[in-house]
């Protein structure tokens, strides 16, 4: 349990600030994360790693020479926002482009992808390398859908060394993807982790059992099995990883065990998840290393300890990377970061940078707006305030739903998002903005503060809604339906989910369709909205019978059966709360 905490909502921000102060000789804090204290003396590729907090030493602890140039840091187990990624990239880039490297999670993919698009608009080339090392999360035929867990460390190390050697962006990306293709991880959990401020872990296990196939965001294992002794656990992990060996490595190892050829060379990481002690890992290493050698492999510079954790989770994971003539020098190259050192790095010859060059540019003035639109904007602010109250009341329930097969952060993320959206909307209204700009500002703030999949979807959806209604007219019933339609279309295009995949789309689509149908029939907007809310609520409840096909819950599909989707549930609650303000204002204005 995380006991040292002030306001749990501020835990990640306070932890990052403390980290940057302790290690001020190596890193400096910028909006959205941390970057190296010294900028390179000449252009080099900036390797930017990132994801949610709670994984130390990943991600900020790996910033330094020979490793990462910067880390984009989200809230606990939550993807950082696109704006955070842009901010860190602007602070770290030195003229040779940037590459974002991160685990394969929907929120990270969307946010870092959006950041790359924005950087391209600023004239900065950006690429992305996804880590997909978790063998438990999808079969080999679907390897591109696998999660990134402790294999992050090896892939980041290879890319950082390649960039430090002066290779160009294309080569750094190629070598990162090659390292990922040759990296496999299998992990197990002995107990769940506990969020700061929470009084219970995200999941529990039956007495004497472990969860095999864990995730690093507090997800339980894919299946619960009896807890074995160290020797048997080592056998399970080694066999699970070696079963996924690349064909060339499998052939080389087989020849060696038959007495021919040389041993295939591998990098090995035995990783603790947060509260498994080093001594325990050393005992487990005694069961892992001999089996790897007996299988025909030579272990090169192994790492045993914590490299990618999950708050205070008890557990361990085994990562193997099959080395070759390109990857081995990168694995062995020197590095110096706050949390990791290998060999001796050359003295840094760059310039010390202390200004916050990652700060986003100041916002432009308010767009022209009409008095009626500004009056409607006040109703939009009230609607967001009502949504804020509703989500704060549902936070614990949404978190519990999400913890069944996910990371348990949905309630907290939604509360952070709607709180930021409501505040930004009020500020925009006070600045003289019309309704469209108020909703767009709310969306941008939601995405930036909440992060994660739901954050980027709600943020993009609200911005699309605002763009649809504009700042000059009050929408009326057809305009309200068009705004919701734009919200729905943007989320569908960005997230790619379809009804039946157990996401917020399962509630959004029936809401939008019922609202549009009612408006087309000529029903009063209030009646159409109420029927749409009932359709969304019924659809959200019905998701309890679905298996998730997208997102972090997908690998734990069976465990999620019987529990409604938290994203669909929260969407239905938000629209129900927003309705009175949205409907009344539109009706009164049109009637007048």
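Readers should treat all values here as calculations from the given coordinates under stated rules, not as data from a laboratory. A quick note: this is a predicted structure, and the numbers were derived from the prediction, not measured. Quick reminder, even Gly has a Cβ in these numbers, built from the backbone with ideal geometry, and neighbours come from all protein chains shown.
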Output for the range 501-537, where each listed residue is without any contact (Cβ under 8 Å) to a residue 12 or more places away in the chain and outside any helix (DSSP H, G or I): 522, 523
Hey, residue 18 surrounded by fewer than 24 Cβ atoms within 10 Å (Cβ to Cβ) and farther than 20 Å from residue 217 by Cα or not: yes
Qualifying residue in the range 212-220 (condition: over 27 Å from residue 330 (Cα atoms) and surrounded by fewer than 19 Cβ atoms within 10 Å (Cβ to Cβ)): no
Count of residues meeting criterion [within 14 Å of residue 88 (Cβ to Cβ) and not in a loop (DSSP other than H, G, I, E, B)] in the range 1-39: 11
Residue count, the range 408-455 (criterion: within 20 Å of the chain's Cα centre (by Cα) and assigned to a loop (DSSP other than H, G, I, E, B)): 3
Top-ranked residue in the range 118-139 [being in contact with a helix residue (DSSP H, G or I) (Cβ under 6 Å, 6 or more places away or on another chain) and part of a helix (DSSP H, G or I); ranked as surrounded by the most Cβ atoms within 10 Å (Cβ to Cβ)]: 119
Some residue of the range 175-184 being in contact (Cβ under 8 Å) with a residue 40 or more places away in the chain, touching a strand residue (DSSP E or B) at 6+ places or on another chain (Cβ under 8 Å) and assigned to a strand (DSSP E or B): yes
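Looking at this structure, is residue 171 outside any loop (DSSP other than H, G, I, E, B), touching a helix residue (DSSP H, G or I) at 6+ places or on another chain (Cβ under 7 Å) and surrounded by fewer than 18 Cβ atoms within 10 Å (Cβ to Cβ)?
The answer is yes for residue 171.
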Residue check for residue 197: buried (at least 24 other Cβ atoms within 10 Å of the Cβ) and either over 22 Å from residue 229 (Cβ atoms) or in contact with a strand residue (DSSP E or B) (Cβ under 6 Å, 6 or more places away or on another chain) (or both): no
